[in-house]
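What follows is a set of notes on a single structure, which appears directly below.
The values are calculated or read from the model by the stated rules, or taken from the named source; none is laboratory data. Note that the structure is predicted; figures quoted are calculated from it, not measured. Glycine also receives a Cβ, built like all others from the backbone with ideal geometry; neighbour counts cover every protein chain displayed.
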Amino acid sequence: MVEFAYSPLDRGWHRGIVILVSQGEETLINEIVFEVSQEADGGFTAECLTESIFTEADSWEEIRTNVREAVEAFYFDRPKPNAIRLHLVRDEMLALG
């Protein structure tokens, strides 16, 4: 699911992806946010903004899978959030000539 959401962290609108995590009988209304950056080699790194969770991957599809697996592992013994937000951060330099 692709959506646009306002981020209070940097006061701007951003395109993000929310990955829903199944909770069975429980319904939690919280989400966990990852800042995703594309590296110079084309790969991606993802770091959670609220928990000590970090992962990396070579492609966008792989980072989505790795983030989901990392969250499932981190919350193995306690209730998981019901959504994961991937916030893609892009740093670009524009030359003025």
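Summary table
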| item | result |
| --- | --- |
| Tally of residues being among the β-branched types (Val, Ile, Thr), assigned to a strand (DSSP E or B) and touching a Phe, Trp or Tyr at 6+ places or on another chain (Cβ under 9 Å) across segment 44-97 | 3 |
| Pairs with Cβ under 6 Å, 6+ apart, first in segment 64-92 and small (Gly, Ala, Ser), second part of a loop (DSSP other than H, G, I, E, B) | ALA70/ILE53 |
| Residue ID - modelled with the highest pLDDT, chosen from residues in segment 1-45 that are within 14 Å of ARG85 (Cα to Cα), touching an Asp or Glu at 6+ places or on another chain (Cβ under 7 Å) and hydrophobic (A, V, I, L, M, F, W, C) | PHE34 |
| Among residues of segment 66-82, those that are among the hydrophobic types (A, V, I, L, M, F, W, C) and surrounded by fewer than 17 Cβ atoms within 10 Å (Cβ to Cβ), counted | 3 |
| Leading residue by the ranking (surrounded by the fewest Cβ atoms within 10 Å (Cβ to Cβ)) among those in segment 33-43 that are of a type in the set (Asp, Glu) and part of a loop (DSSP other than H, G, I, E, B) | ASP41 |
